[in-house]
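Undergrad: For reference, the structure I am asking about is given below.
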Amino acid sequence: MSNQIKREKIKSLISEMLNSSHEAMIKNIDKALNSSAIDLDSWDEENAPMILPKCILTAILEQESTQYLGIGTSFEKRIKREVRNIRYFI
């Protein structure tokens, strides 16, 4: 299998994972807003309107990223090492 074919296959798999993650994260918006962890009464559209949305987004992104870390598997160290290496280049 050539490197070009491998690149296309990897790109396709990543795209599929991103699409499924996006759908899951959209569903988690309502879960977060309906949870008792958020005080909607304290949110003010005039004073720091983006703080709460950013907090919710960060929590959703962090929660979604943990599903790919391989925690508890024999691949955990390898995944962490590869992720750290890739992050340096992007």
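The values are calculated or read from the model by the stated rules, or taken from the named source; none is laboratory data. Since we're looking at a predicted model, the values are computed, not measured. Here the Cβ is made from the backbone with ideal geometry for all residues, glycine too, and neighbour counts use every protein chain on show.
Undergrad: What pairs can you find where one residue is in region 30-49 and more than 20 Å from I60 (Cα to Cα) and without any contact (Cβ under 8 Å) to a residue 60 or more places away in the chain, the other is part of a loop (DSSP other than H, G, I, E, B) and among the charged types (D, E, K, R), and their Cβ atoms are less than 6 Å apart, with a gap of 6+ or different chains?
TA: none
Undergrad: Please work out if I56 is in contact with a Leu (Cβ under 9 Å, 6 or more places away or on another chain), more than 30 Å from K80 (Cα to Cα) and among the β-branched types (V, I, T). Working first, answer last.
TA: Working: in contact with a Leu (Cβ under 9 Å, 6 or more places away or on another chain): yes; more than 30 Å from K80 (Cα to Cα): no; among the β-branched types (V, I, T): yes.
It is false that I56 is in contact with a Leu (Cβ under 9 Å, 6 or more places away or on another chain), more than 30 Å from K80 (Cα to Cα) and among the β-branched types (V, I, T).
Undergrad: Restricting to region 61-90, name every residue that is among the small types (G, A, S) and in a loop (DSSP other than H, G, I, E, B).
TA: G70, G72, S74
Undergrad: Please state which of the following conditions A24 fails to meet, knowing it meets all the rest: (1) more than 21 Å from I60 (Cα to Cα); (2) modelled with pLDDT under 95; (3) part of a helix (DSSP H, G or I).
TA: Checking A24 against (1) more than 21 Å from I60 (Cα to Cα); (2) modelled with pLDDT under 95; (3) part of a helix (DSSP H, G or I), the one that fails is (1).
Undergrad: Specify which of the listed residues (L61, L18, L33, L57) is of a type in the set (A, V, I, L, M, F, W, C), over 14 Å from the mean Cα position of the chain (by Cα) and either loosely packed, with under 11 Cβ neighbours inside 10 Å or at pLDDT 90 or above (or both).
TA: One residue alone meets the criteria, L33.
Undergrad: Okay, moving on. Show the residue pairs meeting these rules: Cβ distance below 6 Å; 6+ apart or different chains; first residue within region 57-74 and touching a residue at least 24 places away in the same chain (Cβ under 8 Å); second residue assigned to a helix (DSSP H, G or I).
TA: Cβ pairs passing all conditions: I60/M25; I60/N28; E64/S21; E64/M25.
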